[in-house]
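The values are calculated or read from the model by the stated rules, or taken from the named source; none is laboratory data. Since this is a predicted model, take the numbers as computed values, not measurements. In this analysis, Cβ positions are derived from the backbone assuming ideal geometry, glycine residues included, and neighbour counts consider all displayed protein chains.
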Amino acid sequence: MPEADMIAAAQRGNEVAFEQLVAAYRSGLHAHCYRMLGSVHDADDALQETLLAAWRGLGGFEGRSSLRSWLYRIATHACLRLAAIRRRRAVPDLLPACADVTDLGDMMTEPSWLEPYPPMDPEARYAELENVELAFVAALQQLPARQRAVLILREVLQFPAIEVAQILNQSVASVNSSLQRARKTMAASQVPSQQAELAALGDRGRRELVGAFVRAWEEADVRAMVTLLAEDARFSMPPLPAWFDGQAAVTTFMTERMWDTPWRLVPITANGQIAFACYQQQGNDEPFRLGALNVVTLRHGHIAELTGFLDPAIYRRFGLDAMSPALAVSPY
C-alpha cells in the first residue's frame, strides 16, 4: 500500500495501517534516540513516547513536510525533554585512572554511564553502523542537547538546514552556528571510525584478531594480550569507577585480578564493533556465568580501548544466556 494511502487509513483510526506506516522508520528512530541519549533504556522510552504522540497527532498531519521529517521532529523533542530531566550519560575516564588493582570502588549509579547498543540489522549500511559506534556516541554526549540534535539531524540524518530549523523551531542562522560549535567539539575528540578499522583488517584479519583475543583471554596469556593492545590502551568497567590507562596497567589488572578465575568468551557485536560476552567461573564445580560484555575499540589494528559493561540489565537486551557460554556461530 502506498504511504499516502496508509497515512489516510491511519488517520481514520486504522491501527494496523499505522503500524505498517511506522515500521520502516522504527529502527532508525530508535538509533536516533540512542545517539541523543546514550542509553538503550532511555531510547526505548523516547521511542515509545514518539510513537504514542505520532498516533495521537496523526490526524493533524497535513503533509506539509515529509512523514520522515515529522516523525524525527517528534522523536527529537521527546529526547530533548528526557535529556532535560535525566543526567547526561558519561564514560568512566572522566575520573582519574586507577593505580590500585585491589580497589575498584563501589558500583556507581551517578553519573549514569553510556550503554552499548545491540546488534543492528545485518543489512545496516556502513554509515548507520558508524553513527552508533561507542566512541562517537560518547563524544556526542559531551555536547549540549540542542547542539547534539543539530549535529545528528544535519550530519547523520542529512536533513537540510532549513528543515532542521523547522524541526527545532530555530532560525537557520542559529542552526548553522550550533553546527559549527558542535563540529569543533567533535573534531577535538578525535573519534576513530571503527567501520574503517574493520574494513582495513578485512574478513580474515577480523577473524584472526577475534581468535587471538579469545585465546589470550581464556588462557590468561599476558604476552599474547600485550601484542594485541595499543601502548596507550584503556580498560574501563562501568558502572565501576575504576579504569586502567596504558598497556602495562591493563595487563597488570588482568594478571593480578581478572585472571584469578577461568573465563570463556563468545564473540558478538555491539555498536557495530567487535564485542565479547565474557563468562566467568567462580569455582571448579560452578557453571560459567555471564560477567561482562566487552566492547572493543580499535586503532591501527590494535585494541585501543576495552569497555566492559557489568550491568546485567544490559545483557538481557542482547539476548545473552546468563549461565553458560553457548556455542554460537561467530559473527566474524
*asked:* When you check Glu286 against the structure, is it among the acidic types (Asp, Glu) and either in contact with a helix residue (DSSP H, G or I) (Cβ under 8 Å, 6 or more places away or on another chain) or within 20 Å of Arg89 (Cα to Cα) (or both), yes or no?
replied: no
*Scan region 244-292 for residues that are part of a loop (DSSP other than H, G, I, E, B) and more than 28 Å from Val132 (Cβ to Cβ) and jot them down.*
Arg257, Thr261, Pro262, Gln281, Gln282, Gly283, Asn284, Asp285, Glu286, Pro287, Phe288
*Does Ala230 fit the bill of being out of contact with any Asp or Glu (no Cβ under 8 Å at 6 or more places or on another chain), aliphatic (A, V, I, L, M), in a strand (DSSP E or B) and assigned by TED's automatic domain parsing to the domain that holds Leu310?*
yes
_Which listed residue, of Ala99, Ala43, Ala53, Ala17, is at pLDDT below 90, out of contact with any Ser or Thr (no Cβ under 9 Å at 6 or more places or on another chain), outside the structural domain of Leu151 (by TED's automatic domain parsing) and small (Gly, Ala, Ser)_ = Ala99
*For Ser178, indicate whether it is surrounded by fewer than 15 Cβ atoms within 10 Å (Cβ to Cβ) and of a type outside the set (Lys, Arg).*
no
*Only one of these conditions is not met by Leu134: (1) surrounded by fewer than 20 Cβ atoms within 10 Å (Cβ to Cβ); (2) within 30 Å of Leu293 (Cβ to Cβ); (3) not small (Gly, Ala, Ser). Which number is it?*
(1)
_Any residue at all in region 186-196 that's surrounded by fewer than 13 Cβ atoms within 10 Å (Cβ to Cβ) and more than 24 Å from the chain's Cα centre (by Cα)?_
no
*Could you look through region 109-147, keep only residues that are of a type in the set (Gly, Ala, Ser) and at pLDDT below 95, and pick out the one that is farthest from Gln158 (Cα to Cα)?*
Ser112
*Counting residues that are small (Gly, Ala, Ser), which helices (runs of 4 or more DSSP H) fully inside region 83-173 reach at least 3?*
134-140
*Do we find that Pro239 is within 20 Å of the chain's Cα centre (by Cα) and surrounded by fewer than 20 Cβ atoms within 10 Å (Cβ to Cβ) in this structure?*
yes
_Index of the failed condition, Arg89 passing every other in (1) at pLDDT below 95; (2) under 27 Å from Ala10 (Cβ atoms)_ = (2)
*Of all the residues that make up region 128-161, how many are over 19 Å from Arg317 (Cα atoms) and in contact (Cβ under 8 Å) with a residue 40 or more places away in the chain?*
20
*Scan region 288-302 and give yes if some residue there is over 30 Å from Ala31 (Cβ atoms) and either without any contact (Cβ under 8 Å) to a residue 24 or more places away in the chain or not small (Gly, Ala, Ser) (or both), otherwise no.*
yes
*Of the numbered conditions (1) more than 23 Å from the chain's Cα centre (by Cα); (2) assigned to a strand (DSSP E or B); (3) not polar (S, T, N, Q), Ala220 fails exactly one; give the number of that condition.*
(2)
_Residues that are in contact with an Asp or Glu (Cβ under 9 Å, 6 or more places away or on another chain) and of a type in the set (S, T, N, Q), drawn from region 179-225_ = Ser193, Gln194, Gln195
_I'd like the residue in region 52-71 that is touching an Asp or Glu at 6+ places or on another chain (Cβ under 9 Å) and not in a loop (DSSP other than H, G, I, E, B) and, out of all such residues, is nearest to Ala313 (Cα to Cα)._
Trp55
_Here is a list: Val175, Val222, Val226. Which entry is closer than 28 Å to Tyr72 by Cα, out of contact with any Cys (no Cβ under 9 Å at 6 or more places or on another chain) and β-branched (Val, Ile, Thr)?_
Val175
